[in-house]
Amino acid sequence: MKLVARFLLAVAVTGVWAADWNAALSLYKKGDYAGALKEFQAVLQENPNYAGAYYYVGACQEKLGQRDQALANYQKANQMEPTNPAFARALAVLLVDMGKAAEAVKVLQMVPVETLKGDQKAVVLATLARARLAANDTNGAVEAARAATQSGPQQADAWAVYGAALSRAGKDADAFNAYRRAFELSGDATLGKTAATAGLRAARMVKGQESNALYSQAASVAAKAFEKKASPDLALLVAEGFLGADRYDESLAWLDRAGVDNALTTYYRGQCAQGKGDVAKAEKFFRDALTKSPDAHLRRLIYSSLGFVLDKQKRYKEAEQAYQEAGNP
């Protein structure tokens, strides 16, 4: 996020090294991390007690893939100024990435977030939430992420981590709404896909009008994400959403847009035919789906649906055999 970038670059510069520092910072902003690293190291040689120089040496090293060296320099900056939010966040993000989430949480807990405001506070809290998620502290992650959205209600990253935390807590409907907000703020198709997936998962857990509403909402989010970045996966999510909402013609149209012919899409077509009352056509699709190498889970679903449409046709012996294949007594 641009906000995060600005936040991380907000390191004060004073003293006679300002000119060299500004030259190094200019190279960093241009993406010349190797050049910037040399300049920041030169500044550090002149002033070995400057925490900001250790921070930027670490930032350049991280960009260059030198993670162990970056970690050491981030730690040095953080040791010198443990309450600095920029230093703590950079160190915590790298620690989480290196599988040291518990250490990241401890680093961030040293930052007095109550003294921070708005978006800066939201960035730190969102990072804390991610660290707590990685440390398997789901409740702590939900708490931190909720606080992040309250401090920075326009920050997509805060809503995204809130969605992840709620999903981990099994609160799929709330996770869907959080992810959807993140997608609306960012326009990121990946977040749209994540939101739609959470919405579909939530819809499967409820019944009736609530289920239909969630299916429709998930389909709508997936369709908007498809507009941002078209892909067969997103088209299939739209199709699944409309299928769950009993909007069969719309589901079939999106299956056509997906351009995929496999066991899953054929099964969906059978479900649409079944929903429209054409059990003979549904049977044909289900039998066709079985020839397209479905995995074990999908195979059971197909046989269960096949048993249903055979039962509707009063072909009870065949229906019984299909249910047995599905493992349905």
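The values are calculated or read from the model by the stated rules, or taken from the named source; none is laboratory data. On a predicted model such as this, the values are computed, not experimentally measured, just so you know. Ideal geometry is used to build each Cβ from the backbone, glycine not excepted, and the neighbour counts take in all protein chains shown. The area values use the complete protein model at the heavy-atom level, side chains included, leaving out ligands, DNA and RNA. Shrake-Rupley method; radii C 1.70, N 1.55, O 1.52, S 1.80 Å.
Key figures
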{"quantity": "Label-point gap, in nm, between residue 47 and residue 190 - each point 7 angstrom along Cα→Cβ", "calculated": "3.6 nm"}
{"quantity": "291, 83, reordered so the largest accessible area comes first (probe 1.4 Å)", "calculated": "291, 83"}
{"quantity": "Farthest positive-ward along the chain dipole, Cα basis, beta-carbon charges - from 221, 138, 264", "calculated": "264"}
{"quantity": "Accessible area per residue in Å² at 1.4 Å probe, computed on the chain", "calculated": "49 Å²"}
{"quantity": "Net lengthening on full extension, residue 139/residue 317 (0.36 nm per residue, minus Cα-Cα)", "calculated": "59.0 nm"}
{"quantity": "Stokes-Einstein diffusion coefficient of region 284-329, Kirkwood radius over Cα pairs, 37 °C, 0.692 mPa s, in µm²/s", "calculated": "321 µm²/s"}
{"quantity": "Furthest towards positive pole of dipole, 196, 293, 93, structure part the chain, Cβ charges", "calculated": "293"}
{"quantity": "Isotropic mean projected area of the C-alpha convex hull, the chain (nm²)", "calculated": "19.8 nm²"}
{"quantity": "List 130, 180, ordered by accessible area with a 1.4 Å probe, largest first", "calculated": "130, 180"}
{"quantity": "For region 141-248, size of Cβ-based charge dipole, Lys and Arg +1, Asp and Glu -1, in debye", "calculated": "80 debye"}
{"quantity": "Point-to-point label distance, residue 117-residue 38, nm (Cα→Cβ direction, 7 Å offset)", "calculated": "4.2 nm"}
{"quantity": "Of all accessible heavy-atom area on region 136-182, the percent that carbon and sulfur account for (1.4 Å)", "calculated": "38 percent"}
{"quantity": "Computed over region 134-231, the ratio Rg/Rh where both radii use C-alpha atoms and Rh is Kirkwood", "calculated": "0.99"}
{"quantity": "FRET efficiency, 1/(1 + (r/R0)^6) with R0 22 Å, evaluated for residue 168 and residue 98 via beta carbons", "calculated": "0.60"}
{"quantity": "Student exercise, region 67-190 dipole from Lys, Arg, Asp, Glu Cβ charges, in Debye to nearest 20", "calculated": "100 debye"}
{"quantity": "Rounded to whole Å, sorted largest first: equivalent-ellipsoid semi-axes of region 240-290, Cα gyration tensor", "calculated": "15, 14, 7"}
{"quantity": "Theoretical gain in end-to-end length, residue 110 to residue 281 [0.36 nm per residue, Cα-Cα removed]", "calculated": "55.2 nm"}
{"quantity": "Between region 274-329 and region 134-155, the Cα center-to-center distance that results, in Å", "calculated": "44 Å"}
{"quantity": "Furthest towards positive pole of dipole, 280, 116, 51, structure part the chain, Cβ charges", "calculated": "280"}
{"quantity": "Accessible surface ranking that places the most exposed of 39, 184 first, with a 1.4 angstrom probe", "calculated": "184, 39"}
{"quantity": "Debye, to nearest 20: dipole size of region 247-315, +1 on Lys, Arg Cβ, -1 on Asp, Glu Cβ", "calculated": "260 debye"}
{"quantity": "Nitroxide proxy distance, nm - points 7 Å out along Cα→Cβ at residue 79 and residue 288", "calculated": "6.8 nm"}
{"quantity": "Length gained when the stretch residue 22-residue 249 is fully extended (0.36 nm per residue, less Cα-Cα span)", "calculated": "75.6 nm"}
